[in-house]
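The values are calculated or read from the model by the stated rules, or taken from the named source; none is laboratory data. Only a predicted model underlies this, so the values are computations on that prediction, with no experimental measurement involved. All Cβ positions, glycine included, derive from the backbone under ideal geometry; neighbour counts span all protein chains shown. Only protein heavy atoms, including side chains, enter the accessible area calculation; ligands, DNA and RNA are left aside. Shrake-Rupley method; radii C 1.70, N 1.55, O 1.52, S 1.80 Å.
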Amino acid sequence: DTEVPAESQGEVFLIGAGPGDPGLMTRHALEVLSQADVVLLDHLAPYQDLPRWAPHAEIIDVGKIPGKHRVPQREIDQLMVRYALQGKKVARLKGGDPYVFGRGAEELYVCEKEGIPVKVFSGVTSSISLPAMAGVPLTLRGVSHMFTVVSAHQKLTDSELDQLSGLLKDGGTVSILMGVKTLPHTIAGLLERGVRPDMPMVTVQDGFRAHQREYFSTVGTCLENYDQLKPPAVTTIGNVCAAVGENREELMGKAFETH
C-alpha cells in the first residue's frame with residue numbers, strides 16, 4: 001500500500017452504533033456512513049442495514065466475540081491507519097458508545113500519532129438504554145441520585161465490591177456490563193458486604209434483538225435461573241428496579257413527594 005501526501009490523507013470516524021436497534025443510530029452517524037469508503041464493523045453493532053447506509057463502502061467485520069477474537073485489536077488499529085493513509089474515509093462502527101468500554105480512546109490515540117484526523121460520534125449506551133427499555137430508570141427523584149457503570153469482564157476486586165455495596169446501600173444504582181460469567185462472584189461479594197437480599201434487580205439479555213429476554217429478580221434470588229442467562233446482557237441493581245413490579249406505586253410515590 002502506498003501512502004499519499006498529507007493534504008489528501010483520509011480521516012477516521014469513531015461511531016457509536018448504539019445497543020443494537022438501528023433506530024437508535026444518530027443522524028450524524030448515518031450521514032458519515034453514507035460517505036464512508038471503508039467500514040470496520042464491531043460484533044455488537046447493527047449490520048443488517050449497512051449496505052444501504054454505506055452504499056459505497058467496503059465492509060470489513062472485525063468483531064471480537066467473547067472467547068474468539070476474530071481480529072486482534074492492534075490489527076484493527078493498523079487497518080484504520082492503513083486505509084486512512086490511502087486517502088479513504090474510514091468509519092469505525094462500534095456497539096454502544098465508543099468511550100464506554102469500547103477502546104475508542106485507544107483508537108483515537110493510534111490515529112492521532114500518525115497525524116490522521118479523527119471525529120468521534122457518541123452512541124446510545126446499553127448501560128442506560130436496556131434497563132430503560134425494561135421500564136427501569138437509573139435515577140429517580142427521591143430514590144436514587146447517582147449511578148455507576150461497571151465492566152465485570154474480570155472478577156471485581158474486594159475494593160471495587162466495597163465501593164459498589166456502599167453505593168447500593170446509599171440508594172445508588174449499579175449497571176453491570178459484560179458480567180454474566182462473573183455474576184455469581186459479584187452477587188456473593190455484595191451479599192457479604194451487607195447489600196439487602198431483597199434489593200431488586202433486572203437483567204436484559206440480547207437487548208433490542210429477536211431473542212431478547214428480561215429477568216426480574218432480587219440480589220438474593222437472581223442466581224436461581226443463572227443457567228439460563230447468556231451474554232450479551234446488562235444487569236441493573238438498585239431500588240429503582242422496583243419501578244417495574246408490585247412495589248411500583250410505593251416507589252413512584254417517593255418521587256412525587258420530593259420537591
(message) Against the condition more than 19 Å from Val240 (Cβ to Cβ) and open to solvent by 60 Å² or more (accessible area, probe 1.4 Å), how does His145 come out, does it pass?
(response) no
(request) Output the residue which, of all residues in segment 228-259 that are without any contact (Cβ under 8 Å) to a residue 40 or more places away in the chain and outside any helix (DSSP H, G or I), is surrounded by the fewest Cβ atoms within 10 Å (Cβ to Cβ). (result) His259
(message) Restricting to segment 209-227, count the residues that are closer than 24 Å to Tyr47 by Cβ and assigned to a loop (DSSP other than H, G, I, E, B).
(response) 4
(request) Examine segment 212-224 for a residue that is charged (D, E, K, R), more than 27 Å from Asp158 (Cα to Cα) and touching a Lys or Arg at 6+ places or on another chain (Cβ under 7 Å), and state whether such a residue exists. (result) no
(request) Test Glu112 against the criterion of being free of Cβ contacts under 8 Å to residues at least 12 places away in the same chain, farther than 30 Å from Ile60 by Cα and not in a loop (DSSP other than H, G, I, E, B), and give yes or no. (result) no
(message) Checking the structure you have, find out if any residue of segment 41-59 is crowded, with 19+ Cβ neighbours inside 10 Å, modelled with pLDDT of 95 or more and under 30 Å from Ala255 (Cα atoms).
(response) no
(request) Please go through segment 148-170 and pick out each residue that is polar (S, T, N, Q) and open to solvent by 50 Å² or more (accessible area, probe 1.4 Å). (result) Gln154, Thr157, Ser159, Gln163
(message) Given the criteria open to solvent by 10 Å² or more (accessible area, probe 1.4 Å), farther than 17 Å from Val234 by Cα and touching a strand residue (DSSP E or B) at 6+ places or on another chain (Cβ under 7 Å), does Asp198 qualify?
(response) yes
